[in-house]
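Everything on this sheet refers to the single structure shown next.
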Amino acid sequence: MFHLSPDVAAETGIHIGDGGLSIKRVGPHGSYQYEVTGHALEDQLYLIGTVMPTISAAYDLQRPGYYINPEQTWISLRYQSKAVALFKHETLGLPNGRKTDLSIPALIRQDSQLMRQFATELLATDGVLGFYNARKCGLRKYPRIQIKLKACPVIEQLANFLRVELGIHATCRNNLGIHKGWGTSLQQIIQVNRSEDIDTWRREIGFSNPSHISRMMVFELQGECLPRTSIVDRLSMLSGRFSRFDTAPGHLRPQDLIFLVGDMRKHFGFPRLEGKEVLNAMIQISKRLEFRLGRGLPPIVNLRAAGEI
């Protein structure tokens, strides 16, 4: 029913990073659910502007169910489809239930263009684009990419692609991750440091999460991007409303969001939706959550003012 397209490869990167598959073959019809979970504020533009249209293009799945936790820290997109669930599990080999011993599907590994699409979204979901300084003081002027996963073949498979196909110097290491409430697990980390390799990543693979894109845009504007800033901080600075991160930004104006999403699309190719489409989706999703759960999306923009756009 589905073929291995660039959209499916990209969506597989989303799945391995932040997705989950639940197949229960019980009852007359069974239960077949696929969900993607992200940070309710930091990943909000990514989930709406990139993840949803990617899933739609890959599998023609529209209008997912939404859930946001009471603390409004994470949100899930939930899709019900037997055909998609079985394709993911039986054709792509993605696990049902807990994601253990993950591997990049062989059909994707065999195609360098599909691997590019996959890598874009794996970074977007399970990666960090940060900046550091080579000394103890000074500007944080060196970009760095890190992707962390629970120990599995994916990290070495991706590192091999980056080294062989793109000439990127990618290092791998193991780390014992500590998880509050349920102990420790062995993590594997892939890291790309050199400026020329970051340039190659941007040119050959790219960035699709507006959280990462906003960091790069601030870095290019100011020569550094401080850690532990929020996407609202960075977008407010980029809109010209504030020049310092220690000034409380409040919410963005709707027209600023529309402009900044357009600027991201022009220079980075993402999000997939235009700014007004993203804004309208934010309004509708927040209304649906308010109606069902009594709590909406943590606001990036003033949604009341957005209703006038």
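The values are calculated or read from the model by the stated rules, or taken from the named source; none is laboratory data. A quick note: this is a predicted structure, and the numbers were derived from the prediction, not measured. When the accessible area is computed, the model is the full protein with side chains, heavy atoms only, and any ligands, DNA or RNA have been set aside. Shrake-Rupley method; radii C 1.70, N 1.55, O 1.52, S 1.80 Å.
Numbers for the structure displayed
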{"quantity": "For the chain: relative contact order, % (alpha-carbon pairs under 8 angstrom, 6 or more apart)", "calculated": "18 percent"}
{"quantity": "Residues of the range 87-170: accessible area per residue with a 1.4 Å probe, Å²", "calculated": "50 Å²"}
{"quantity": "Accessible carbon and sulfur surface of the chain relative to its total accessible area, %, 1.4 Å", "calculated": "49 percent"}
{"quantity": "Identified option (computed Cα extents along the principal axes in Å; candidates [x] 139, 47, 39; [y] 55, 53, 38; [z] 57, 48, 40)", "calculated": "[z]"}
